[in-house]
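Q: Sharing a structure, written as structure tokens. Questions coming.
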Amino acid sequence: MKIALGSDHGGFALKEELKKYLSKLGHEIKDFGTTSDAAVDYPDFAYPVAEAVAQGKFDRGIVVCGSGVGVCITANKVKGIRAVNAFSVEISKQSREHGDCNVLALGGRYLALPEAEKIVAVWLTTPFSGDDRHLRRIRKIEK
Ligand code: RB5
């Protein structure tokens, strides 16, 4: 998959680890920054990732801040984006099956790397269920 990645300083360390993990899985990655743990503003990184996904330039986006909250709020401001702040494997799976989420937000200060990798792996491999009721709800969001 083509995956756009972005983070603020609070998510920088986890983003760097996930970049290695995703490359090892064979995904094509573009890193939208940030490039160090110096303090920055998460909308400056989460918004471009979400825009690029909404424009069809990437299959999915993964955005990381300290809590996952700020980047999730930001990504969901872009039309066509359904972002989830997935703090467990179960939420990650359901976000794909029910919500067809196309951006994954993670909290770098709250997730250990093995847990984050599991959340990412499940999120990338779980298909949307395609059930009528979920499609109907997603169409209502789009309207
Ligand atoms: C930055 O300190 C922190 O507020 C940010 O990374 C994020 O957690 C916001 O939701």
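Q: Residues in the stretch 5-17: is at least one among the aromatic types (F, W, Y), within 16 Å of the ligand (Cβ to nearest atom) and modelled with pLDDT of 95 or more?
A: yes
Q: Among the residues of the stretch 58-71, write down those that are closer than 21 Å to L22 by Cβ and near the ligand (Cβ under 8 Å from one of its atoms).
A: Residues satisfying the conditions are C65, G66, G68, V71.
Q: Another question, if that's okay. Sort out which residues of the stretch 1-30 are outside any helix (DSSP H, G or I), of a type outside the set (K, R) and surrounded by fewer than 20 Cβ atoms within 10 Å (Cβ to Cβ), and write them in order of number.
A: Those that are outside any helix (DSSP H, G or I), of a type outside the set (K, R) and surrounded by fewer than 20 Cβ atoms within 10 Å (Cβ to Cβ): M1, L25, G26, H27, E28, I29.
Q: Also: Using beta carbons and a limit of 9 Å, which pairs, at least six apart or on different chains, have the first residue in the stretch 13-36 and at positive phi and the second one open to solvent by 50 Å² or more (accessible area, probe 1.4 Å) and in a loop (DSSP other than H, G, I, E, B)?
A: Once the first residue is at positive phi and sits in the stretch 13-36, its partners that are open to solvent by 50 Å² or more (accessible area, probe 1.4 Å) and in a loop (DSSP other than H, G, I, E, B) give G26/M1.
Q: Only one of (1) surrounded by 20 or more Cβ atoms within 10 Å (Cβ to Cβ); (2) within 15 Å of the ligand (Cβ to nearest atom); (3) without any contact (Cβ under 8 Å) to a residue 60 or more places away in the chain; (4) not in a strand (DSSP E or B) fails for V84. Which number is that?
A: All conditions are met except number (4).
Q: Would you confirm, using the coordinates I've provided, whether Y21 is more than 13 Å from the ligand (Cβ to nearest atom), aromatic (F, W, Y) and over 13 Å from the mean Cα position of the chain (by Cα)?
A: Spelling it out, Y21 is indeed more than 13 Å from the ligand (Cβ to nearest atom), aromatic (F, W, Y) and over 13 Å from the mean Cα position of the chain (by Cα).
Q: Can we say K79 is in a loop (DSSP other than H, G, I, E, B) and at pLDDT 95 or above?
A: Criteria met by K79.
Q: Residue by residue through the stretch 53-81, note down the ones that are at positive phi and surrounded by fewer than 17 Cβ atoms within 10 Å (Cβ to Cβ).
A: Once the filter is applied, which keeps residues that are at positive phi and surrounded by fewer than 17 Cβ atoms within 10 Å (Cβ to Cβ), the stretch 53-81 yields G56, G80.
The values are calculated or read from the model by the stated rules, or taken from the named source; none is laboratory data. What you are looking at is a predicted structure, and each value in this text was computed from that prediction instead of being measured. Ideal geometry is used to build each Cβ from the backbone, glycine not excepted, and the neighbour counts take in all protein chains shown. All accessible areas refer to the heavy atoms of the entire protein, side chains included, with ligands and DNA or RNA removed. Shrake-Rupley method; radii C 1.70, N 1.55, O 1.52, S 1.80 Å.
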